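One structure below.
The values are calculated or read from the model by the stated rules, or taken from the named source; none is laboratory data. It should be emphasised that the depicted structure is a prediction, and the values quoted were computed from it without experimental measurement. Counting neighbours? That spans all protein chains shown, and the Cβs are built from the backbone with ideal geometry, glycine included. What goes into the accessible areas is simple: the full protein's heavy atoms, side chains included, and nothing from ligands, DNA or RNA. Shrake-Rupley method; radii C 1.70, N 1.55, O 1.52, S 1.80 Å.
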Amino acid sequence: ETPAYDGRHVAEVLDADFTEHGAPLVARLDRAKCHETDDVLSVFRRHGVLLLHGPPRHPQYYGQLERQNREHRAWLVCGLVPGEALGPALARMRAALNGLWRRPTLNWLTAEEVWMLRPPINDNRDELHDWVHERAAHIREDDVPGDLAMRLAIEQALTERGYLKVIPGLQVLCG
């Protein structure tokens, strides 16, 4: 349970998650100001994780997760769960969302099943970061905005390494 949704606490949660479950190559965060703090960026650097932001004001990219988060916040705020029971209620919700909910976008697997099936990541993270940043700089030379250039460079890096298969209108994580 986190007392505030600010950069320091977001960094603590991410650091604990990466330490417990392993750091991904890339993590997508929304555009909340607390995701752009030095504390959060430091966690990403320390664990060798590339930060991916989606396009601004693009509901196809953020919409479903944002709606779910709004619904969950409303459920928690309305007082149905007393304060002392909130931690266990959140743990049950997370377990249900990750371990029980079969998703069509994950081939009707749960997020937990997909996570357990993932191959080990053996890429050199420093080389990956260097390649992505060099590629993004090259893309920016064509007057492509910085965050879009970074998204495209990350997509290219993941595709070339076999972690992502891009089908027009659909992106599929491989592994």
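Amide H neighbours of residue 118 under 5 Å, counting only residues 5+ apart in sequence or on other chains, H built in-plane at 1.01 Å?
none
In whole Hz and in residue order, list the ³J(HN,Hα) couplings for segment 84-99 that follow from phi through the Karplus curve 6.51 cos²θ - 1.76 cosθ + 1.60, θ = phi - 60°; x for Gly and Pro.
Running phi through 6.51 cos²θ - 1.76 cosθ + 1.60 with θ = phi - 60° gives 5, 9, 5, x, x, 5, 5, 5, 5, 5, 4, 4, 5, 5, 8, x Hz.
Run through segment 87-136 and list the chymotrypsin sites (Phe, Trp or Tyr not before Pro) located in a DSSP loop whose Cβ has at most 14 other Cβ atoms within 10 Å.
Of the chymotrypsin sites (Phe, Trp or Tyr not before Pro), the ones in loops of segment 87-136 whose Cβ has at most 14 other Cβ atoms within 10 Å are 101, 108.
Would you please put 35-47, 84-96 in order of how densely packed they are, using the mean number of other Cβ atoms within 10 angstrom per residue and starting with the highest?
In descending order of packing, they fall as 35-47, 84-96.
Using 0.36 nm per residue, how much length does the chain from residue 167 to residue 114 gain when fully extended, once their Cα-Cα distance is taken away?
17.1 nm
Could you give each residue of segment 156-162 its phi-based ³J(HN,Hα) in whole Hz, using Karplus coefficients 6.51, -1.76, 1.60 with θ = phi - 60°, and x for Gly or Pro?
Karplus-based 3J(HN,Hα) across segment 156-162 equals 5, 4, 5, 5, 4, 8, x Hz.
Taking the solvent-accessible surface of protein heavy atoms with a 1.4 Å probe, what is the per residue accessible area of segment 112-162 in Å²?
67
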